[in-house]
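Here it is, the structure in full.
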Amino acid sequence: MANAESDALVFFGATGDLAYKQIFPALQGLIRDEGFHLPIIGVAKAGWTLDQLKARAKDSLEHHGGVDAAAFEKLLSLLRYVDGDYNDPNTFSQLRQQLAGAQRPLHYLAIPPSLFATVAENLAKSGSAANARVVVEKPFGRDLQSAQELSRTLHQYFAEEDIFRIDHYLGKEPVQNILYTRFANPVFEPIWNREHIRCIQITMAEDFGVQDRGKFYDEVGTLLDVVQNHMLQVLANLTMDPPTGEDHDAVRDRKAELMRAVRPLTPYNVVRGQYEGYRSVPGVAPNSKVETFIAVRLHIDSWRWAGVPIYIRAGKMLPVTCTEAMVEFKRPPRETFGELVPNNSAHVRMRLSPDIAIALGVRVKIPGERMAGRDVELDLHSQAVEDMPPYERLLGDACRGNAELFSRQDLVEAQWRVVEPILGGVTPVYSYQPGTWGPEEANPLIGNDGPWINPVVRASAA
Ligand code: BG6
């Protein structure tokens, strides 16, 4: 049973935002690309009919990725709907009927974490949790303790191997490509360490604000929205040791090991910012001290990485929307040609969005009499857009029981340990102008390890 494919997909929160923006497009994609054919049962408390849910699915696809006539027809034929309160046992007996004897259902909890316990318990009481898989979305708790409580709750009803924690960054092609490039090319491994690498920078910039998510965002801030999860996952892919063994846990074991070696942050290594205008967003407290920008300096206490500073910067209302990692090699030990080779001359640059690229930066001689150079990049890989949206890949993997691209409880806890000491806004929040690279105070943080590398987005990629 352990690896058997799921035979029905249930998604709670069927009328919600996540279903609208991600789940319907992912389901249509799975049907079109992989011949997905499982019964799909939406559950929500909206007073809706199945026809209303079908209309919502169409609307979702029209706004997110487009309707594929044949795949959409098939999606409609697979779709079922249960309307009811998550506290009402009747909702779960209706679901049981719709499951019609499925042996290995997958329950996707696209609902606020505060409802997880109620839904999991009612699934169990109605007999729908046995042999089932469950998919949950971040945030996995608000701190280490609540993450552990959440895990205990889920473990009452589901085995760890049946819990799939989505961090959609792991489903992104370029994030997987970091691992692939590192471990499919033995040339990188001998130089991927403190002997050759001077510094690593990861930037996740977004040129938009918190939009209509003011209430949600004001409870989390940038640290918990994208750094504790997405950015630390990217860091793990960049710095983990090579996996050994074939099973789904091979990569996750190495990642968890790496994450345990990341030194917990201290206020001295953090600069937080808030864009001007954030406090007037609906749902945001008028005196909010929550950050919309954060820059952190991290250290990994391992033989491979000791002494290599790692900088992560993420924020809203920055000049561009782009996520990029720069692995910067050491400068030459002496200035052989009487010119100062810039800090970031030799590097590997990995662009994760909006376009995808891997480039190798080196210095070459400018033709002529002088021994002077300029920085150039060799494009190893470049791709305009991602082929498969992360949710399509992740939902397909969860149905097949492939957990590699999902977070694991020990990894989640190790991520919380890294950020725990700076939770609760223990550092000042500096204001910055929308359209700038965050507060000035972020510059002294990087100091001589810098400068910050601000990603440049070509108009065609935006
Ligand atoms: C989400 C965050 O997890 O990731 C958002 O809640 C953020 O605030 C988004 O905008 C970024 O994801 P992507 O895939 O657009 O880079």
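Mind checking which of Phe72, Ser288, Phe24 is farthest towards the positive end of the chain's charge dipole, using Cβ charges of +1 (Lys, Arg) and -1 (Asp, Glu) about the Cα centre?
It is Ser288, whose Cα lies furthest towards the positive end.
Taking the chain as the reference, fit the longest principal axis to its C-alpha atoms, fit the long axis of helix 144-157 to the helix C-alpha atoms, and give the angle between the two in degrees, 0 to 90, nearest 10.
So the inclination is approximately 30 degrees.
Could you compute the net charge surrounding Gln274? Neighbours are other residues with a C-beta less than 11 Å from the C-beta of Gln274; K and R count +1, D and E count -1.
+1
A 31 angstrom limit on the alpha carbon distance is what I want to check against. Which of Lys54/Lys138; Lys255/Lys316; Lys74/Lys215 exceed it?
Lys74/Lys215
Run the numbers on the stretch 8-137 and let me know its relative contact order in percent, using alpha-carbon pairs under 8 Å that are six or more apart.
Value for the stretch 8-137: 31 percent.
Net charge near Glu291: determine it from the other residues with C-beta under 13 Å of the C-beta of Glu291, scoring Lys and Arg +1 and Asp and Glu -1.
On the way: positive: Arg272, Arg279, Lys289, Arg313, Lys316; negative: Asp218, Glu219, Asp225, Glu441.
That sum, taken over residues with Cβ under 13 Å, equals +1.
I've got another one for you. Mind checking the stretch 1-108 for GluC sites (Glu not before Pro) that DSSP puts in a loop (not H, G, I, E or B) and that have at most 16 other Cβ atoms within 10 Å?
Glu5
When the Karplus curve 6.51 cos²θ - 1.76 cosθ + 1.60 is applied with θ = phi - 60°, which whole-Hz ³J(HN,Hα) does each residue of the stretch 227-242 get, with x for Gly and Pro?
7, 4, 10, 4, 5, 5, 5, 4, 4, 4, 5, 6, 10, 5, 6, x
What residue among Gly315, Ala130, Val341 has its Cα farthest toward the positive end of the dipole of the chain, where the charges are +1 on Lys, Arg and -1 on Asp, Glu, each on the Cβ?
Val341
On to the next question. In percent, how large is the relative contact order of the stretch 166-256, given Cα pairs closer than 8 Å and 6 or more residues apart?
Relative contact order for the stretch 166-256 comes out at 34 percent.
Note the full-extension length gain between Glu195 and Asp247 as 0.36 nm times their separation in residues minus their Cα-Cα distance, in nm to one decimal.
Taking 0.36 nm per residue and subtracting the Cα distance, the gain is 15.6 nm.
Quick one: compute the contact order of the chain, relative version, from alpha carbon pairs under 8 angstrom and 6+ residues apart, as a percent.
18 percent
Could I ask something else about it? Compute the distance from the alpha-carbon center of the stretch 204-260 to that of the stretch 1-60, in whole Å.
When both Cα centres are located, 26 Å separates them.
Express in % the proportion of alpha carbon pairs of the stretch 57-203 at distances exceeding 17 Å.
Working: 7889 of 10731 pairs.
Cα-Cα pairs in the stretch 57-203 separated by more than 17 Å: 74 percent.
Sticking with the crude label model, points 7 Å out along Cα→Cβ, report the distance from Ala384 to Gln103 in nm, one decimal please.
Output for this residue pair reads 4.6 nm.
Would you grab the residues whose amide H sits under 5 Å from the one on Arg80? Only those 5+ places off in sequence or on another chain, please, with H modelled 1.01 Å from N.
Ile40, Ile41, Gly42
Evaluate E = 1/(1 + (r/R0)^6) for Arg96 and Ala55, where r is the Cβ-Cβ distance and R0 equals 35 Å; express this FRET efficiency to the nearest 0.05.
About 0.85, to the nearest 0.05.
Based on the mean of other beta carbon atoms within 10 Å per residue, what is the order of 198-207, 340-349, 448-457, most packed first?
On the way: 198-207: 21.9, 340-349: 18.6, 448-457: 15.9.
For the peptides 198-207, 340-349, 448-457, the packing ranking is 198-207, 340-349, 448-457.
If you don't mind, another one. Kindly rank 407-416, 281-290 from highest to lowest mean number of other beta carbons found within 10 Å of each residue.
407-416, 281-290
Then there's this: Let me see the P(r) profile for the chain: every Cα-Cα distance counted, bins of 10 Å, each bin given as a percent of all pairs.
4, 19, 28, 26, 15, 6, 2, 0, 0
Kindly write out, for the stretch 34-48 in residue order, the coupling ³J(HN,Hα) from the Karplus curve 6.51 cos²θ - 1.76 cosθ + 1.60 (θ = phi - 60°), rounded to whole Hz, with x marking Gly and Pro.
Using θ = phi - 60°, the values come out as 10, x, 3, 9, 7, x, 10, 10, x, 10, 6, 10, 9, x, 9 Hz.
Taking the Cα-to-Cβ direction at Glu149 and at Glu5 and moving 7 Å from each Cα, how far apart do the two end points lie in nm?
4.0 nm
State the antiparallel share, in %, of DSSP beta bridges confined to the chain, rounding to the nearest 5. Mind dumping the intermediate values first?
Values: 41 of 73 bridges.
Expressed as a percentage, antiparallel bridges in the chain total about 55.
Another question about this same structure. Quick one: if you stick a label point 7 Å off each Cα along the C-beta vector at Asn448 and His64, how many nm between them?
Calculated label separation equals 4.9 nm.
Name the residues whose placed amide hydrogens come within less than 5 Å of the amide hydrogen of Leu106, ignoring near sequence neighbours (fewer than 5 apart) on the same chain.
Asp7, Ala8, Leu9, Val10, Arg133
Distance from a point 7 Å along Cα→Cβ of Phe183 to each backbone N in the stretch 395-420: keep the residues under 19 Å and list them by number.
397-398, 401-412
So for each of 265-273, 384-392 I average, over its residues, the number of other beta carbons within 10 Å; can you give me the resulting order with the highest mean first?
265-273, 384-392
Taken together, the values in this text are just the output of simple stated rules run on the coordinates, not laboratory data. This one's a predicted model, so the numbers in the text were calculated from it and none came from an experiment. In this analysis, Cβ positions are derived from the backbone assuming ideal geometry, glycine residues included, and neighbour counts consider all displayed protein chains.
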